[in-house]
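I have placed the structure first, in the form of structure tokens, so that the comments after it can refer back to it.
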Amino acid sequence: MKKLITICMMFFSASAVLAQTYFPIPFPNGDMESTQEIEVIRDGAIHTFGGGFQVWTRPPEPAVAALLDLENMGLAPAEGVDFSQAFRLATLGTPDQGFKIQLQSGLVDVRPSGAGSYIISYQVKSDSIIAESKLSGKFIFSHVISFWNETGYIGETGLGPVIEWKDQFLLGDGFVTVTDTVDLPAQTTGGLPITDIKVAIQTGNFSFSYIFDDFTIQGPESFYDITFKVSNITLDQDTVIAENTSVIFDGAEYSTDAEGLVTVADLPAGSYDWSVATEGYDAQSGSKAVSKFETIDIFLLETLPLGTKGGISATVYPNPASQTVRISSVSSNLKKVELMTLTGAVLMSKTLDASNLEWNVSAYPKGVYFLKMMNENNEVFTERLIIAD
């Protein structure tokens with residue numbers, strides 16, 4: 001059962017903490033639910049398991065095999081909070097009992113939130129208690145935060161002890177919450193902003209076994225950039241950069257540049273309506289859930305000549321598609337649908353007696369195809385379908 005206990009909380013900047021509102025930030029595999037097996041490298045210093053977490057031992061000596069109980073550590077199904085999966089860190093202990101072991105997270109993307117105060121939290125419990133004689137005057141855990149920018153690793157800071165030996169009995173009575181706080185500056189040496197951080201729990205070479213679960217991080221509100229990359233596809237199937245094309249995003253109008261690009265910056269997470277249109281091409285529109293930095297490829301199809309659609313009113317969506325395509329006709333029942341290459345080779349043919357069709361196109365190569373649809377009156381509707389990544 002989860003215990004409602006907070007072991008420790010550190011504040012580096014009290015004024016910033018009091019003034020700031022905190023928002024959840026994605027923490028890769030923070031719930032430890034990845035099913036990837038632990039990768040044991042007995043002659044190395046790093047042991048990798050699911051979701052980017054690592055167990056790191058300070059090289060070069062003592063040897064990894066002398067520090068880690070590799071037979072009893074790794075993913076721990078049903079041993080986490082509310083019987084979820086967790087991770088067990090088990091060590092053997094060495095005579096010097098130095099603090100040479102770290103449990104490290106993967107990279108946590110902090111670009112959307114930027115500078116400010118971040119609160120790190122996780123759940124931990126122990127099924128083994130270390131003798132007081134080995135811990136008197138020492139601590140069990142401290143935290144180390146490493147910083148990264150677009151050039152790579154740039155340094156780290158230690159946040160000091162968070163669990164002292166006298167508090168360890170709390171860990172043997174179920175899961176407890178451990179929290180810590182770190183302030184990120186707007187820029188680092190060289191004027192570049194911090195893009196990612198890693199969270200590490202550092203502990204000693206004692207013989208113990210701890211179970212970790214539910215890592216979370218909160219920080220300033222996240223803001224994201226969304227880039228539209230727009231191309232036109234002509235009737236001859238040529239792909240052309242769509243310069244000076246109108247992009248309407250959340251009610252504001254933008255225009256693509258000479259490379260067919262337009263970026264909407266500093267968007268809070270949420271859902272936004274968009275549309276892309278240019279004269280002579282079929283417009284596209286939709287709704288976009290924004291939760292990360294992303295580039296969206298848009299392909300506008302040159303409008304087909306009058307008469308191509310015959311007497312059928314049909315909708316093909318989504319287009320472009322990567323998985324399931326849906327065809328819907330409200331005018332009359334479709335009786336046949338063919339998927340063809342641009343040279344006319346038929347890749348798929350379906351005979352049906354309904355006005356709607358769904359099928360999975362993920363097995364087909366990326367590219368432009370023709371959909372030829374015929375209704376019960378033998379009227380033909382030809383549409384282009386783009387299969388994308």
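Rg then Dmax, both in Å and based on the Cα atoms of the range 196-260: 24.3, 71.
Database remark: amide H of Leu385 closer than 5 angstrom to the amide H of Tyr369, Phe370, Leu371 (H placed geometrically; neighbours at sequence offset of 5 or more, or on other chains; Pro and chain starts carry no H).
For the range 162-283, the spread of Cα positions along the three principal axes, ordered from largest to smallest, is 74, 35, 28 Å. Computed from backbone phi, the HN-Hα couplings of the range 101-109 come to 10, 10, 9, 10, 7, x, 5, 9, 6 Hz, rounded to whole numbers (Karplus: 6.51 cos²θ - 1.76 cosθ + 1.60, θ = phi - 60°; Gly and Pro given as x).
Subtracting the Cα-Cα distance of Thr21 and Thr239 from 0.36 nm times their residue separation leaves 73.8 nm of extension gain.
Of all aspartates and glutamates in the structure, those lying under 20 Å Cα to Cα from Lys125, and not within fewer than 8 positions of it along the same chain, are Asp31, Glu33, Asp69, Glu71, Glu79, Asp82, Glu164, Asp167, Asp173, Asp180, Asp213, Asp214. Amide H contacts of Lys292 (H built 1.01 Å from N, in plane; Pro and chain starts excluded): no residue 5 or more places away or on another chain comes under 5 Å. Toward the positive end of the charge dipole of the range 174-297, about the Cα centre and with charges on Cβ (Lys, Arg +1; Asp, Glu -1), which of Ile217, Val240, Thr256 goes farthest? After comparing all options, I get Ile217.
The HN-Hα couplings worked out from phi for the range 369-374 by the Karplus form 6.51 cos²θ - 1.76 cosθ + 1.60 (θ = phi - 60°) are 10, 9, 10, 10, 10, 10 Hz, whole numbers, x standing for Gly and Pro. The length gained on full extension between Asp127 and Asn72, counted as 0.36 nm times the residue separation minus their Cα-Cα distance, comes to 18.5 nm. Using C-alpha pairs under 8 Å with a sequence gap of at least 6, the mean separation divided by the residue count of the range 235-281 gives a relative contact order of 38 percent. Where the alpha-carbon atoms of the range 220-302 are placed on the principal axes, they occupy 49, 20, 18 Å, in descending order.
All of the numbers you see were taken from the coordinates with simple rules; none came from a lab. Fair warning: this is a prediction, and the values are worked out from it, not measured in the lab. With ideal geometry, Cβ positions are generated from the backbone for all residues, glycine too; neighbour counts draw on all protein chains shown.
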